[in-house]
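First up is the structure itself, then whatever we jot down about it.
The values are calculated or read from the model by the stated rules, or taken from the named source; none is laboratory data. The model shown is predicted, which means the values in this text are computed figures rather than measured ones. Methodologically, a virtual Cβ is constructed for each residue, glycine included, from the backbone with ideal geometry; neighbour enumeration extends over all protein chains shown. Ligands, DNA and RNA are excluded from the accessible area calculation, which covers all protein heavy atoms including side chains. Shrake-Rupley method; radii C 1.70, N 1.55, O 1.52, S 1.80 Å.
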Amino acid sequence: MLKFRTVHGGLRLLGIRRTSTAPAASPNVRRLEYKPIKKVMVANRGEIAIRVFRACTELGIRTVAVYSEQDTGQMHRQKADEAYLIGRGLAPVQAYLHIPDIIKVAKENNVDAVHPGYGFLSERADFAQACQDAGVRFIGPSPEVVRKMGDKVEARAIAISAGVPVVPGTDAPITSLHEAHEFSNTYGFPIIFKAAYGGGGRGMRVVHSYEELEDNYTRAYSEALAAFGNGALFVEKFIEKPRHIEVQILGDQYGNILHLYERDCSIQRRHQKVVEIAPAAHLDPQLRARLTGDSVKLAKQVGYENAGTVEFLVDKHGKHYFIEVNSRLQVEHTVTEEITDVDLVHAQIHVAEGRSLPDLGLRQENIRINGCAIQCRVTTEDPARSFQPDTGRIEVFRSGEGMGIRLDNASAFQGAVISPHYDSLLVKVIAHGKDHPTAATKMSRALAEFRVRGVKTNIPFLQNVLNNQQFLAGTVDTQFIDENPELFQLRPAQNRAQKLLHYLGPAPRMPFSPLPDASKKSAGVGVGTRDPEDDQGQVFGPEAQAAELPLGPCAGATFDVAMRFLYECPWRRLQELRELIPNIPFQMLLRGANAVGYTNYPDNVVFKFCEVAKENGMDVFRVFDSLNYLPNLLLGMEAAGSAGGVVEAAISYTGDVADPSRTKYSLQYYMDLAEELVRAGTHILCIKDMAGLLKPLACTMLVSSLRDRFPDLPLHIHTHDTSGAGVAAMLASAQAGADVVDVASDAMSGMTSQPSMGALVACTRGTPLDTGVPLERVFDYSEYWEGARGLYAAFDCTATMKSGNSDVYENEIPGGQYTNLHFQAHSMGLGSKFKEVKKAYVEANQMLGDLIKVTPSSKIVGDLAQFMVQNGLSRAEAEAQAEELSFPRSVVEFLQGYIGIPHGGFPEPLRSKVELERGKTLHIKALAISDLNRAGQRQVFFELNGQLRCILVKDTQAMKEMHFHPKALKDVKGQIGAPMPGKVIDIKVAAGAKVAKGQPLCVLSAMKMETVVTSPMEGTVRKVHVTTDMTLEGDDLILEIE
């Protein structure tokens, strides 16, 4: 027989080497034969299985794992020396409750002992007995003790006989709703149902009135049955706002019982512990002595052996009430280990081998409290949605570590799939410090280091708990979460790197993907309308009258309309126009690095786009950038030139060069920029005045300066007539030396479009600037478009805008955006506040640093303006609250540099409050794309800062041919969606049924918890979209009410 050395004077002693020797135990302890354990099977999964495996490895014991069909990829399989499938064909939870399979695996593989972990079969006396009958040791109490303690009603009777105070409750499990009614009549509300054969909050429901009784009884019974295989319940009086204190006990086969002090588990939601603390803060020493003394007394009453927990409620008067014994290892055993230096799993195994507590150096007088430990249960639950479980694939996982931090986990790793079948626990984080504040500080630091992407977690909520003054003061009770709604004011995660990968992920934007062939998406060729701002003719001065007249058939709006709305190929339209008009140059607008989109694309995409455009008939490329950001302009010019096109570089205009007080965009600014563009090799130079801010004097100053500096370079001027001064401005430009000015046919001119063609032709007739265009032809042309415009009257800008507005000189809203913004304001219910929107536009522009406002920069200013009006914010208020406000995405991305760098830099302090901090650089390399999965997704693999990252991206083209369950539309009243992923276990209504507001509609089960979906309105069920046993994703449509 092996002998072990007893260690005195300390408790760092349970990692005992199995080959060491020690003198015999004390004479008053009877000796049983020591039977060493050589192989342990854990009849559980997840982090507790791994916790036991690690302890076994430290003791030189071989390990065996069991797993369900759904857990084939789980980490606990890989941590064991051997792993075997159980419960083939059974439901996920039922597999771990299938005793015959577990015993079969144990016997066939020479297992000496089974550790049940917690949950599942850990408190099932029939499982402990089955192990004993098979000749396999059960690492826990004897079957008889498990039966007595697992039956909470019998445990209650034992406590009473031992003189331990208890909460008023039933003496036996209730068998009907009628018994619950009788108890309520006797003791009054509130009452609480509890599962008789398990804990962890499963099958536990608080009832405050008779109206809630039946539904909560049904739910509690169903949850208990699903979690523990037995739906038996007992009912007791519910004590309001108590502290939940539990005592860790440890016993051996020789009658020795000791306690390892208490844990405070008061921070709970849905009766499940969220944060656990050892020891309990500010606990009166006399109360501690009563709690620990009663725990040991109760354990001795039943001859308890191995580890267990005695749980109490302590009311505001300091009275304690026994509630139950958990005859197993607890989830929160970790904090006890940290403050006592006792390895509880080692102790469990040694006791099962026949060792006594004194043999192990465990005597009550040697157990001391060392500091404070806090455990946070990080779960895949969304606190913003009532802690609804989230499922999916973990795309990124980085943990918090360091001095004083312990992590117990299993499924927390990159690539892990979180399913709805099991508990939502992701990782247990344990912090140990010299006192409660120190441990809380370490925990806060560790949680701040975590990065979990792909699934929601409760980390933001836990951080709020740890920063709460009531928590830091150690004065919490079980109502702490309910009474502190500020805990749910969650700070959103930045998630910058993963957002960037998701932005890069879709195939059309991938830098390693070929440019998509738009013709493959085309359902046919059709005719599309164009914005009035794009329906422009061009009038040439004398020097250019001999040249061919370019047409402008392509711009960003063309591609938007063709591809997003008409589902036709814009290249095919261009080809057909070229066949009809073979001898006139075609011109398109190219937004520099944006091409015809609204964000910067990879260089090779822009080059390829220009190449394809030139192949399909394009000749002249008018290249501009909404911020005049030179690198973006040069990229577009180089791409157009490489494709063989004529390059027309455009300078976007804002401000007023004739006003000496407007110094940011001065005449010198435009001249310097023109120098750069001419040096880069532009063939034509354009001034692009999208807001119509060019006044006649400004035109004279700018155009004449450009003409003097570049006498041989063709000059092209583009403006809008929002103020009504467009004709005068274009005449001034022509007189100052412009070669080309833009106009619109009379029927399409004015307001936010271009100046009138007829007016300009008439005004120059008979002068040196005569265009040579017959007015009669202009009239005929206008008449045609007047008829065409009538066909689209419902969509005309005049539906909301009746005249030009000279206030454009103040608000500087571009022409095309002016009408769009007017229409958007009406559609958003801000039509009566358009004056406020225009004023907010001015403030938003100044907040953003006085931008050049051309698509897409103009959209950024407009988005911010409408955001301010909708939320009733002034500029000062928006700037002051910038760190807390959820600004429109376009604003945030602008401040992140997505579209370039504005002249003069980004606005401060707004950018520092909203944007990334300085010094953060992401190095990204695209690696590979996987095949299509059943959900219509592909995995896209990146290397991010040297580490592999993988995201799931929807293949929108492939998904068109796949069938998916419909989603509930949030803006459609009466569509009821699944609040979380889960399985439909009960449907309460049918099509045609009348329902009242708050009436139960169906019941979902996820992670062993049941959720009742109730009706948000009164009405009639139009259609039910689900069936029993159907598995749903979040927001899947359940039914429709009308």
Students often forget the sequence filter, so: which lysines lie under 23 Å Cα-Cα from LYS973 once same-chain residues fewer than 8 apart are removed? LYS988, LYS994, LYS997, LYS1023
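What ranking do 227-234, 209-216 get when scored by the average of other Cβ atoms within 10 Å per residue, highest first? It would help to have the intermediate numbers written out before the result.
Details: 227-234: 22.5, 209-216: 13.8.
Most protected by this proxy first, the peptides run 227-234, 209-216.
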With mean projected area of the Cα convex hull in nm² as the read-out, I listed (1) 48.2; (2) 42.5; (3) 53.3; which label goes with the value calculated from this structure? (1)
Could you state the accessible area per residue of the chain in Å², with a 1.4 Å probe and every protein chain left in place? 42 Å²
Which semi-axis lengths, in whole Å and largest first, follow from the square roots of five times the eigenvalues of the Cα gyration tensor of the stretch 58-134? 17, 17, 12
From the square roots a ≥ b ≥ c of the eigenvalues of the alpha-carbon gyration tensor of the stretch 718-814, which class results: rounded (a/c under 1.5), prolate (a/b over b/c), or oblate? oblate
Rounded to one decimal in nm, the spacing of the 7 Å Cα→Cβ label points at PHE413 and GLU82 is 2.3 nm
Solvent accessible area, Å² - HIS683, 1.4 Å probe, full protein context: 90 Å²
Dipole magnitude of the chain about its Cα centre, charges +1 at Lys/Arg Cβ and -1 at Asp/Glu Cβ only, in debye to the nearest 20? 3900 debye
Going toward the positive end of the dipole of the chain, with +1 on Lys and Arg Cβ and -1 on Asp and Glu Cβ, which of PRO585, PRO420, TYR96 do you reach last? TYR96
Express the carbon and sulfur contribution to the solvent-accessible surface of the chain as a percent, rounded to the nearest whole number, probe 1.4 angstrom. 51 percent
Whichever lysines have a C-alpha closer than 29 Å to that of LYS838, once near sequence neighbours (fewer than 8 apart) are set aside: LYS664, LYS688, LYS695, LYS802, LYS853, LYS859, LYS913
Distance in nm between pseudo-label sites at ALA880 and LEU90 (7 Å out along the Cβ direction from Cα): 6.3 nm
Of ARG363, ARG202, ARG270, ARG1022, which has the most accessible area and how do the rest follow, probe 1.4 Å? ARG1022, ARG270, ARG363, ARG202
Any chance you could look up the accessible area of ARG765 with a 1.4 Å probe, heavy atoms only, rounded to 10 Å²? 140 Å²
Would you please put 420-428, 151-159 in order of how densely packed they are, using the mean number of other Cβ atoms within 10 angstrom per residue and starting with the highest? 420-428, 151-159
Cα-projected label distance for LYS297 with GLU401, points at 7 Å along beta-carbon direction, nm: 4.7 nm
Restricted to the stretch 34-91, the DSSP antiparallel beta bridge percent, nearest 5, is 0 percent
Once the piece of chain linking ARG777 and LYS38 is laid out straight, how much longer is it, given 0.36 nm per residue of separation minus the C-alpha distance between them? 255.9 nm
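For ASN370 and ARG1022, what is the calculated FRET efficiency with R₀ set at 41 Å and r taken between the beta-carbons, to the nearest 0.05?
About 0.05, to the nearest 0.05.
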Sum -39500 (n - 2.57) across every DSSP H segment of at least 4 residues in the chain, then divide by the residue count to get the 222 nm mean residue ellipticity, nearest 500. -9500 deg cm²/dmol
Over what distance in Å are the Cα centres of the stretch 308-363 and the stretch 689-760 separated? 86 Å
At 0.36 nm per residue, and after removing the present C-alpha to C-alpha distance, how many nm does the segment from ARG934 to GLU69 gain when stretched out fully? 309.5 nm
With +1 assigned to the C-beta of every Lys and Arg and -1 to the C-beta of every Asp and Glu, and no other charges, what is the dipole magnitude of the stretch 54-120 about the Cα centre in debye, to the nearest 20? 40 debye
DSSP loop GluC sites (Glu not before Pro) in the stretch 383-453 with at most 14 other Cβ atoms within 10 Å of their Cβ, which ones? GLU401
Assign one of three labels to the stretch 647-796, namely rounded, prolate or oblate, based on the Cα gyration tensor with a ≥ b ≥ c the square roots of its eigenvalues; rounded applies when a/c is under 1.5, prolate when it is not and a/b is larger than b/c, and oblate otherwise. prolate
Across the stretch 78-197, how large is the tail of the calculated P(r) beyond 22 Å, expressed as a percent of all Cα pairs? 50 percent
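Please give the FRET efficiency for GLU908 paired with TYR809, using the beta carbon to beta carbon distance and R0 = 25 Å, rounded to the nearest 0.05.
Once rounded, the FRET efficiency stands at 0.35.
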For the chain, what is the percent of antiparallel DSSP beta bridges, rounded to the nearest 5? 75 percent
Taking the Cβ-Cβ separation of MET671 and LYS970 as r and a Förster radius of 41 Å, what is the calculated FRET efficiency to the nearest 0.05? 0.20
Enter the Cα centre distance for the pair the stretch 53-130 and the stretch 878-911, rounded to the nearest angstrom. 54 Å
Taking the alpha-carbon centroid of each part, what is the distance from the stretch 589-632 to the stretch 210-249 in angstrom? 65 Å
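Evaluate the relative contact order of the stretch 938-982 (contact order divided by residue number), counting alpha-carbon pairs under 8 angstrom at least 6 apart; express in whole percent. Show your work: numbers first, answer last.
Numbers: 26 pairs, mean separation 10.3, N = 45.
Dividing the mean separation by the residue count of the stretch 938-982 yields 23 percent.
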What percent do you get for the relative contact order of the chain when only Cα pairs under 8 Å and 6+ apart count? 7 percent
Phi to ³J(HN,Hα) by Karplus 6.51 cos²θ - 1.76 cosθ + 1.60 over the stretch 589-599, Hz, x for Gly, Pro: 8, 10, 7, x, 5, 7, 6, 10, x, 10, 8
Arrange the residues LYS970, LYS925 by how much accessible surface each exposes, largest first, with a 1.4 angstrom probe. LYS970, LYS925
Going highest first, how would you order 627-637, 125-135 by mean Cβ packing within 10 Å? 627-637, 125-135
